[in-house]
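Reviewing the structure listed below.
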């Protein structure tokens, strides 16, 4: 094994990748890891601004790198390709993190807003069929769909949540907002 490491140190990145893919010798990846782990960590840290999180992200990137070696096509230097993999992973990671934070905040706002007044179902049911049809065409497909599932198909919140793969509180909030939008459009049409 020491001979492999000594030999690997003398090889270029591209040669190591070729040998890993040709021979299937995963111990050669240790050399790639030694060469780039710190750089990947630093790039991760520049995105996450948190040491522990950066270590986790860097580890995930190195695992992804190993699993993706066959995708390296030598159109550029290995280090350039690795930088692209690292950068893209960090951007995706941050994007998912922002979405999770936003979702968490939205759910918190939903919980707080359930104390407010929502349009009564009877108000929507009193709108004429023709008027309702016109109003439904003025709102988004997702708003229209959730209202139709509830009022036309008679589905429960639980059933809508299962179909839309959303939480029950998210469905309640979507219904509330869709009803409010529909009623606002109706009131504007009555003036």
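The values are calculated or read from the model by the stated rules, or taken from the named source; none is laboratory data. What you see is a predicted model, and the numbers here were worked out from it, not measured in a lab. We place every Cβ from the backbone using ideal geometry, glycine too, and count neighbours over all the protein chains shown.
When you scan the range 31-43, do you find a residue that is in the same structural domain as residue 92 (by TED's automatic domain parsing) and modelled with pLDDT under 90, even just one? Looking for residues that are in the same structural domain as residue 92 (by TED's automatic domain parsing) and modelled with pLDDT under 90, one finds at least one in the range 31-43, hence yes.
Tally the residues that are free of Cβ contacts under 8 Å to residues at least 24 places away in the same chain and over 18 Å from residue 87 (Cβ atoms), restricting the search to the range 51-72. Full working, then the answer.
Filtering the range 51-72 for residues free of Cβ contacts under 8 Å to residues at least 24 places away in the same chain gives 51-56, 58-59, 63, 67-68, 71.
Those left that are additionally over 18 Å from residue 87 (Cβ atoms): 51-52.
Number satisfying all stated conditions: 2.
Scan the range 149-176 for residues that are assigned to a helix (DSSP H, G or I) and either exposed (fewer than 13 other Cβ atoms within 10 Å of the Cβ) or out of contact with any helix residue (DSSP H, G or I) (no Cβ under 9 Å at 6 or more places or on another chain) (or both) and report the count.
Here is the first cut: in the range 149-176, the ones assigned to a helix (DSSP H, G or I) are 149-152, 157-164, 168-176.
With the extra rule that they be either exposed (fewer than 13 other Cβ atoms within 10 Å of the Cβ) or out of contact with any helix residue (DSSP H, G or I) (no Cβ under 9 Å at 6 or more places or on another chain) (or both), the set shrinks to 152, 158, 162.
Matching residues across the range 149-176 total 3.
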